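The values are calculated or read from the model by the stated rules, or taken from the named source; none is laboratory data. Please read these numbers as outputs of a predicted model, since none were measured by experiment. Every residue, glycine among them, receives a Cβ derived from its backbone with ideal geometry; neighbour counts consider all protein chains shown.
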Amino acid sequence: MRGTALFSLAVLVFLLASLPQAQGTAPATPLTLLSREGRRAVPTIVLNGRELIALDEVAALFQATVREDTLAGGITITYGGQIIVISNDQPMASVSGRMIALPSPAARLGNRWFVPLELLPRALAPIYEVPIVLRVVSRLLIVGDLRVPRVTGRIDSAGPPTRATIEISPAAPVSVTTEAGRLLVRIDADALDVGLPPDGAGLIEQMRQDDQPTTVAIVLAGLAGAARAVPTEVDGITRITIGVAGVAAPSSTAAPTAIAPPAVAPSAGAITVPLQARSGALLRTIVIDPGHGGNDVGVRGARGTEEKAITLDVARRLRTLIETRLGIRVILTREDDRAVLLDERAALANNSKADLFLSLHMNAAPVATVAGAEVFYLRLDREGEDARRAAASEAVALPVLGGEGRTIDFIRWDLAQARHVDGSEVFAGILEEYLRARVVMSRRPRQDAPLRVLAGVDMPAASIEMAYLSNPEQEQLALSEDYQNSLAQAMYDAVVSFRAYLEGRGAP
Amino acid sequence: MIRRQYILTGAGILLVGLLAWAVNRGLDQLIGIRPESAQAVSEPPALLDVPQITATLFYSSTDGQALVPVRQDVALAEGLVPQGREILTAQLQGAPPPYTSVIPEGTQLRAFYVTERGDAFVDLSLEATSRHPGGSFAELLTVYAIVHAVTANLATIQRVQILIDGRETDTLAGHVDLRRPLEQNLSLVRQAPATGPALDIPRIDEVLAPSP
């Protein structure tokens with residue numbers, strides 16, 4: 001009798017101890033919903049590394065009807081007469097008959113159902129009356145036709161004079177005023193998606209979002225003298241170059257306009273500042289892979305346009321943007337029209353210890369009307385998941401000379417991507433977000449697939465299908481300089497944003 | 001008298017000859033059927049002798065955005081592997097209207113076999129790569145039409161590996177990794193309105209004895 005009571009007590013203690021884990025944990029930064037009605041925090045939980053939202057929250061936020069279908073073993077969300085069926089044991093949902101992949105199945109915690117956050121943009125958005133966009137990096141859920149440009153900033157030179165750059169993408173009208181030791185940049189938008197550095201440098205103490213939600217404040221140090229901000233618009237981005245001089249000597253009569261901010265961002269290596277050095281530590285080398293080449297022409301359009309030529313053109317444009325603006329080393333897997341094996345492409349990236357891999361391709365479909373850009377990251381099957389678990393659990397610490405130790409990871413060379421899939425998915429999401437701002441996306445804007453070129457790459461990696469050459473209109477578009485520049489600019493923006501994501505996370 | 005007997009005998013032979021001709025050839029012409037068509041008409045009874053079974057095959061949707069499951073009659077075969085061959089042979093043929101085939105024209109099935117682990121191997125002729133138009137999406141449709149044709153109909157098979165000309169291959173056209181067996185990818189499949197849910201239909205091998 002006493003033994004039974006003790007056993008029951010032990011079970012109770014175990015259950016109580018495991019309760020917090022079963023309930024999930026709150027994310028480090030809450031999700032913010034932006035709509036015409038304003039902004040509000042949306043409660044979410046993180047369970048097994050995936051962010052989930054309660055279905056009753058979804059019902060309340062979107063005026064949808066949620067019902068548990070015990071017979072079918074799933075949950076239904078009804079909105080505007082259309083039905084989403086969510087499986088509770090498979091990571092997928094059906095939207096008006098179309099299957100949508102999700103990162104995880106629905107989960108029941110207590111008496112509440114939780115679904116992956118991605119359900120909102122992937123399954124609810126297609127049937128909702130206004131757009132629903134999830135910006136993973138900036139933790140924003142945008143509902144409705146809102147202008148929410150991404151605002152990023154960087155200190156280019158600690159100085160003095162201190163030079164900094166703020167970029168607003170897509171471009172938006174701005175006005176700059178000075179006020180009590182601050183520069184205020186007012187941006188004409190509904191809300192801002194802000195990715196500013198946490199710390200200042202030199203004569204800039206801080207760059208942060210002001211109390212006014214569409215204003216960015218540059219807080220100047222006490223020793224700051226004249227400050228000047230010059231906005232320009234280039235390639236669909238508003239760029240504000242800022243220069244801050246130190247306090248002038250008493251005898252000086254230097255005018256406030258004495259500082260001439262550079263017309264473009266300083267070239268790589270010209271100035272070394274702490275912030276750039278820190279960024280470089282996380283994203284130093286990018287490998288861009290122009291698909292196909294040589295005898296392998298890839299897709300050939302009806303007018304004879306070859307995939308291998310377009311991929312090389314866009315890769316060169318992207319390399320120029322990244323090298324000149326970010327100072328990051330860029331390697332192309334081929335510099336000219338020649339065949340390169342898929343393994344050679346992955347090996348080049350791995351041997352270069354690249355931090356990011358981006359493969360460029362043109363698409364084809366059996367029906368000529370299919371159009372739009374698509375982003376892919378690696379799909380892991382059972383074997384890939386095994387490889388990922390093995391990589392996580394089989395790291396071995398080996399002693400080395402001098403008494404230190406070194407950790408050796410074991411990962412299958414042909415599945416090296418397995419341990420980077422989460423980062424690759426984030427990168428793919430960012431790519432989709434920035435491509436959508438500039439080019440038409442397909443109905444499947446982001447997918448996971450077992451792509452051969454990504455499997456062996458030992459770093460976050462994605463592949464972009466930039467347009468359908470099987471579509472005559474898209475073939476014509478792909479040849480235009482404007483379209484190729486838009487693609488390169490969107491990918492550049494995505495690289496900048498991914499770098500901010502890595503910095504925010506603190507590790508690649 | 002004798003002359004009359006000759007005449008009657010001759011007439012009788014002529015009549016029998018006429019009847020024989022009419023039976024052998026003339027009836028076709030009399031009822032208005034040309035010989036080629038007659039031959040065509042005479043074939044179905046032979047086909048109808050072969051038991052049929054309904055399988056789910058996969059083609060491009062009319063808008064080209066997904067695979068759609070389409071139920072088609074294929075010959076019933078004894079055992080898992082022979083049935084798999086029949087299904088794949090049907091899958092490699094052209095699509096019924098209004099759908100579009102996602103298999104390169106001229107692709108033939110060289111072999112189909114199943115390992116003890118339950119992985120299926122589909123060996124296709126060289127046309128599957130040499131005539132493929134390329135593009136990740138087109139390649140995904142081709143590969144997963146094959147994978148789904150096997151896994152949706154033969155429940156004991158969970159994974160499918162595609163071989164080309166009897167050998168393991170990297171990809172069909174530079175994208176989809178074929179070095180390992182592939183599982184289903186439902187994100188590429190759209191349920192066809194006319195046929196209802198595709199993947200919950202009874203699977204063929206649930207009523208078939210496994211092959212020896």
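Observations
- From the options A:Pro121, A:Pro131, residue that is surrounded by 19 or more Cβ atoms within 10 Å (Cβ to Cβ), without any contact (Cβ under 8 Å) to a residue 40 or more places away in the chain and away from chain B (no Cβ under 14 Å): A:Pro121
- Only listed residue being modelled with pLDDT under 90 and surrounded by 12 or more Cβ atoms within 10 Å (Cβ to Cβ), chosen from B:Ala11, B:Ala46, B:Ala22: B:Ala22
- Candidates A:Gly80, A:Gly74, A:Gly97: the one that is within 11 Å of chain B (Cβ to nearest Cβ) and more than 28 Å from the chain's Cα centre (by Cα) is A:Gly97.
- Within region A:120-148, the only residue that satisfies the criterion of being in contact with a Phe, Trp or Tyr (Cβ under 7 Å, 6 or more places away or on another chain), assigned to a loop (DSSP other than H, G, I, E, B) and of a type in the set (A, V, I, L, M) is A:Val137.
- A:Ser157 more than 20 Å from A:Arg379 (Cβ to Cβ) and surrounded by fewer than 17 Cβ atoms within 10 Å (Cβ to Cβ): no
- Matching option when the condition is outside any loop (DSSP other than H, G, I, E, B), small (Gly, Ala, Ser), out of contact with any Leu (no Cβ under 8 Å at 6 or more places or on another chain) and more than 14 Å from every other protein chain (Cβ to nearest Cβ), among B:Ala55, B:Ala77: B:Ala55
- Extreme residue, farthest from A:Ile166 (Cα to Cα), among residues of region A:185-205 that are surrounded by 16 or more Cβ atoms within 10 Å (Cβ to Cβ) and out of contact with any Ser or Thr (no Cβ under 8 Å at 6 or more places or on another chain): A:Glu205
Residue-by-condition table, conditions (1) free of Cβ contacts under 8 Å to residues at least 12 places away in the same chain; (2) within 17 Å of the chain's Cα centre (by Cα); (3) not assigned by TED's automatic domain parsing to the domain that holds A:Ile322:
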{"residue": "A:Asp414", "(1), (2), (3)": "no, no, no"}
{"residue": "A:Ser424", "(1), (2), (3)": "no, yes, no"}
{"residue": "A:Val457", "(1), (2), (3)": "no, no, no"}
{"residue": "A:Tyr468", "(1), (2), (3)": "no, no, no"}
{"residue": "A:Pro472", "(1), (2), (3)": "no, no, no"}
{"residue": "A:Asp482", "(1), (2), (3)": "yes, no, no"}
{"residue": "A:Ala490", "(1), (2), (3)": "no, yes, no"}
{"residue": "A:Val495", "(1), (2), (3)": "no, yes, no"}
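Each row is one residue, and each column tells you yes or no for (1) modelled with pLDDT under 50; (2) crowded, with 21+ Cβ neighbours inside 10 Å; (3) not charged (D, E, K, R); (4) not assigned by TED's automatic domain parsing to the domain that holds A:Val244.
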site: A:Ala258; (1), (2), (3), (4): yes, no, yes, no
site: A:Val273; (1), (2), (3), (4): yes, no, yes, yes
site: A:Val299; (1), (2), (3), (4): no, yes, yes, yes
site: A:Ala302; (1), (2), (3), (4): no, no, yes, yes
site: A:Thr311; (1), (2), (3), (4): no, yes, yes, yes
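- Filtered residue count, region A:205-235, keeping only those that are closer than 16 Å to A:Val176 by Cα and not in a loop (DSSP other than H, G, I, E, B): 17
- One residue alone among A:Arg406, A:Arg444, A:Arg388, A:Arg379 is away from chain B (no Cβ under 14 Å), modelled with pLDDT under 95 and in contact with a strand residue (DSSP E or B) (Cβ under 9 Å, 6 or more places away or on another chain), and that residue is A:Arg406.
- Yes/no for A:Gly153 being under 18 Å from the mean Cα position of the chain (by Cα), at pLDDT 85 or above and not aliphatic (A, V, I, L, M): yes
- Filter result (at pLDDT 80 or above and part of a loop (DSSP other than H, G, I, E, B)) within region A:51-97: A:Gln63, A:Ala64, A:Gly80, A:Gly81, A:Pro91
- Conditions (1) hydrophobic (A, V, I, L, M, F, W, C); (2) more than 12 Å from every other protein chain (Cβ to nearest Cβ); (3) in contact with a strand residue (DSSP E or B) (Cβ under 7 Å, 6 or more places away or on another chain): number failed by A:Ala339: (2)
- Flag if B:Ser187 is surrounded by 17 or more Cβ atoms within 10 Å (Cβ to Cβ) and small (Gly, Ala, Ser): yes
- Flag for A:Ile100 being at pLDDT 80 or above and β-branched (Val, Ile, Thr): no
- Residue in region B:139-155 that is within 27 Å of A:Gly301 (Cβ to Cβ) and either not assigned by TED's automatic domain parsing to the domain that holds B:Leu178 or not in a helix (DSSP H, G or I) (or both) present: no
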